[in-house]
1. Working carefully through the options 75, 107, 84, 58, find the one that is on the phi < 0 side of the Ramachandran plot and not in a helix (DSSP H, G or I).
2. Can you tell me which of (1) among the hydroxyl-bearing types (Ser, Thr, Tyr); (2) at pLDDT 75 or above; (3) open to solvent by 100 Å² or more (accessible area, probe 1.4 Å) is the one residue 65 doesn't meet?
3. Give all pairs with beta carbons closer than 9 Å in which a residue from the stretch 219-243 that is in a loop (DSSP other than H, G, I, E, B) meets a residue that is of a type in the set (Lys, Arg) and open to solvent by 90 Å² or more (accessible area, probe 1.4 Å); count only pairs at least 6 apart in sequence or on separate chains.
4. Among the residues in the stretch 211-227, are any of a type outside the set (Gly, Ala, Ser), closer than 30 Å to residue 77 by Cα and more than 26 Å from the chain's Cα centre (by Cα)?
5. Select, from 279, 287, 232, 208, the only residue that is under 30 Å from residue 72 (Cα atoms) and open to solvent by 100 Å² or more (accessible area, probe 1.4 Å).
6. Could you go through the stretch 176-189 and let me know if any residue there is touching a residue at least 24 places away in the same chain (Cβ under 8 Å) and polar (S, T, N, Q).
7. Please determine whether any residue of the stretch 170-182 is farther than 30 Å from residue 80 by Cα, assigned to a loop (DSSP other than H, G, I, E, B), out of contact with any helix residue (DSSP H, G or I) (no Cβ under 6 Å at 6 or more places or on another chain) and open to solvent by less than 100 Å² (accessible area, probe 1.4 Å).
8. Quick one: is residue 267 at pLDDT 80 or above, out of contact with any strand residue (DSSP E or B) (no Cβ under 6 Å at 6 or more places or on another chain), in a helix (DSSP H, G or I) and open to solvent by 80 Å² or more (accessible area, probe 1.4 Å)?
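The values are calculated or read from the model by the stated rules, or taken from the named source; none is laboratory data. Nothing here was measured: the structure is a model prediction, and the numbers come from that model. Here the Cβ positions follow ideal geometry from the backbone for every residue, glycine too, while neighbour counts run over all protein chains shown. These accessible areas exclude ligands, DNA and RNA; they are computed on the full protein's heavy atoms, side chains included. Shrake-Rupley method; radii C 1.70, N 1.55, O 1.52, S 1.80 Å.
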Amino acid sequence: WYQRRVREAVVSTQSTGYDIWGSKSNNLSDSKRDPCLPPPVEPPAFYKTSDTKLAAVELPHAGTSYNPTFNDHQELLQSALEVEVKKEKAKLKATRDAAPPIQITEEDYIKEMSIGLNQAESESEEEKEGEVETDSQAKGTVSCERKTRAQRNREKAEKLKAEEIATAKQEKQHLHQMNRIKAIQKEIKKEEKELSAKTELRQAKNLEKETKPGKYGPGKFLGDDPEFVLPEEVSSSLRQMVTPSNNVQERFTSFQKRNMIEVRKKVAPHRKYKLKSVEKWRKKLPEEIDELVKMKRKKKKIKLSE
């Protein structure tokens, strides 16, 4: 059985031209694959290198060229200016939103310190309030007298009249809604347009998220500042060109932007525990050394006696 299976596999490979060292595009069915070879390993469904659609190497701005046009260079400088203005606004907002220092005046201090001194007046006010409450409760008592037949009939008639008024009002509302069918249709169309606009906005936001870095760590991706050169530093030759960028840093930020490395804050070197200071024997005085030796001898004697 095994020889027959191998013979069929050899014939099928000869006919189809299967190459074990070839590319992955040569996909064969299970019946035509060589039984001596292990089955191909398929990656899991959740396997992905990155969930962003950004390119590994993004094209730089036209204004960063060694010989840019005037408009491109001005656009680059404007974008750099907007970034700096945004940072300054954030700093001003942080300082403005900070709580101002509390200033206590003499009147506030006297008022706070005099709280609880006039207890007699507060007790008399509480007694007066209690008396008012008791009077209102006495007035609010309802006599439990039995109603007459005429009173019950009157209440029943009033109840029926209120029900008739409510049903008539409801019928009137139904008729009003039937008459304004066109207006209702317009409202429905308006709501559908609003919903479609909301769905388009949501889809646009989802597309933006695909090109924006996600949050996969404790830090937040801030991005690098735009690289630019001042007008007097622009050179017309590659030899005199100044490169302010760092390739290693640029690749690192690209990994963070493409969600391949989590964003973390730079931790400065620090000690977890404080260093202990121990005084050496050499630095001690001879009298202190003699006392320590005597203490050790005493401890040894106590241990031996035990």
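1. 58
2. The failed condition is (3).
3. 219/264; 219/265; 221/212; 221/215
4. Yes, the stretch 211-227 contains at least one residue that is of a type outside the set (Gly, Ala, Ser), closer than 30 Å to residue 77 by Cα and more than 26 Å from the chain's Cα centre (by Cα).
5. Result: 232 is the single residue among 279, 287, 232, 208 that is under 30 Å from residue 72 (Cα atoms) and open to solvent by 100 Å² or more (accessible area, probe 1.4 Å).
6. There is no residue in the stretch 176-189 that is touching a residue at least 24 places away in the same chain (Cβ under 8 Å) and polar (S, T, N, Q).
7. yes
8. no
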